[in-house]
DNA sequence: CGATAAATTCCACGGCCGTTGAAGTCAACA
DNA sequence: TGTTGACTTCAACGGCCGTGGAATTTATCG
């Protein structure tokens, strides 16, 4: 067989939009295309608003392939929600160091998660879907407490209560919702550095008490 | 005609579940029943998740009556989103008084809005629907800036920037989402008084600068 | 080469959705 | 009393949804 000819045909002319069924030759990358399209749709419209047909179309693929690779819509959602492994590491790294700058470092990595393309989609999807309906709220709750509070609590010494950590989390959540989900004017327009400078003291006070009153 | 007889029939025995069409005798309260059911559904499931058929069923009414009284689903949503007139008044009242307790009073009325049955449903519906999808976010944004920031700004003296007011708003939004929408453990379980005591200083510092460092 | 498994397409089902039109029944007013 | 208009029910339309099964083509492995 002639590999050179096959290459020319495959990269030059489109394969004339074949509509017949059957396995394609070469690596198709279909699985990843579906996941990427799913991330985008879930992030933009939440679980209910996203439709498998639209996801498939965006991935340039038949709807049946979603079922083939991922099973049900729920399974696809779970796959789209996977976060990079490095998140806990980055979080714990932010927790070590000068305790007087803890708030600053914490909001810095937090904003980083929302701006990193590897995690932003999943975060948007989680928040959008969890807030949309009563039923899905558990997932956000679990993730919030499991990922953040649990990681946070041991590093802060047992002195401060769970409530103060939760309030810091609520503040961060509010900032993320305003800046990245709703994109409300004043907060979305703020420079990242300005934003950190403005809200770091509040986070700091929640986590280490009212000591640093400079 | 016999008013007494009519009264007995109407209030005593059920009108034997008549399925025939036609106007009913007496005041039906249908319009209000629809609005109440709509508030509940929109609050619990957001705009997309709520269905006219379920709303009609919850109101014990035919779907066509929704159309008759309110028109389209959008129109019904608008009607369900109307907030009590007293909200701006309560807000401005909270803004006058001892400036050192501004944060405390502000979060107090804010929590009040979320706990008052007259406004809680509409707030839930707005947040749920606005966060669910890109497209609907404008409504929350408009309401946030129009109702809260605009009312707030003139009362705070021109010295502090828009950004700090917005950050206070973001913090309040985060608290409301955690406590009333997602109902995340630590914050939802908190006593109202405890909650106010814990987060009032943060709000206060955003609005009046880092002066009260007691 | 032959068999098995993977990747892909198409079509159809049942269900829920928002909307619409037609018709029935009663109150209110002239 | 007769007419008009408000209230109410029902049946249907077209559309999108998630899921499922059947058929087809190709790769892979024995």
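So, residue B:99, is that one farther than 29 Å from residue A:125 by Cα and within 11 Å of the chain's Cα centre (by Cα) or not? Answer is no for this residue. Filtering segment A:49-60 to residues that are more than 8 Å from DNA strand D (Cβ to nearest atom) and within 14 Å of another protein chain (Cβ to nearest Cβ) leaves only A:49.
Reported count of residues in segment A:61-107, each being assigned to a loop (DSSP other than H, G, I, E, B) and within 16 Å of DNA strand D (Cβ to nearest atom), is 5. Against the condition out of contact with any helix residue (DSSP H, G or I) (no Cβ under 6 Å at 6 or more places or on another chain) and under 17 Å from residue B:180 (Cβ atoms), how does residue B:122 come out, does it pass? Answer is yes for this residue. Apart from one condition, residue B:46 fits all of (1) within 14 Å of another protein chain (Cβ to nearest Cβ); (2) within 13 Å of DNA strand D (Cβ to nearest atom); (3) surrounded by 15 or more Cβ atoms within 10 Å (Cβ to Cβ); the exception is (2). Out of A:134, A:108, A:138, one residue alone is modelled with pLDDT under 85 and in contact with a helix residue (DSSP H, G or I) (Cβ under 7 Å, 6 or more places away or on another chain). It is A:134. Restricting attention to segment B:49-60, the residues that are surrounded by fewer than 19 Cβ atoms within 10 Å (Cβ to Cβ), in a helix (DSSP H, G or I) and either in contact (Cβ under 8 Å) with a residue 24 or more places away in the chain or in contact with a helix residue (DSSP H, G or I) (Cβ under 7 Å, 6 or more places away or on another chain) (or both) add up to 4. Considering segment A:203-214, and only residues there that are within 8 Å of another protein chain (Cβ to nearest Cβ) and surrounded by 18 or more Cβ atoms within 10 Å (Cβ to Cβ), the residue that is nearest to the chain's Cα centre (by Cα) turns out to be A:206. Just one of the numbered conditions (1) in contact (Cβ under 8 Å) with a residue 40 or more places away in the chain; (2) within 14 Å of DNA strand C (Cβ to nearest atom); (3) more than 14 Å from chain B (Cβ to nearest Cβ) is not true of residue A:30: (1).
Of all the criteria given as (1) surrounded by 12 or more Cβ atoms within 10 Å (Cβ to Cβ); (2) at pLDDT 90 or above; (3) more than 16 Å from DNA strand D (Cβ to nearest atom), the one not satisfied by residue B:117 is (1).
Taking segment A:164-202 as the range and being more than 22 Å from the chain's Cα centre (by Cα) and more than 8 Å from every other protein chain (Cβ to nearest Cβ) as the test, the residues that pass are A:197, A:200.
The values are calculated or read from the model by the stated rules, or taken from the named source; none is laboratory data. Being a predicted model, the structure only gives us computed values, none of them experimental. Backbone-built Cβ (ideal geometry, glycine too); neighbour counts: all protein chains shown.
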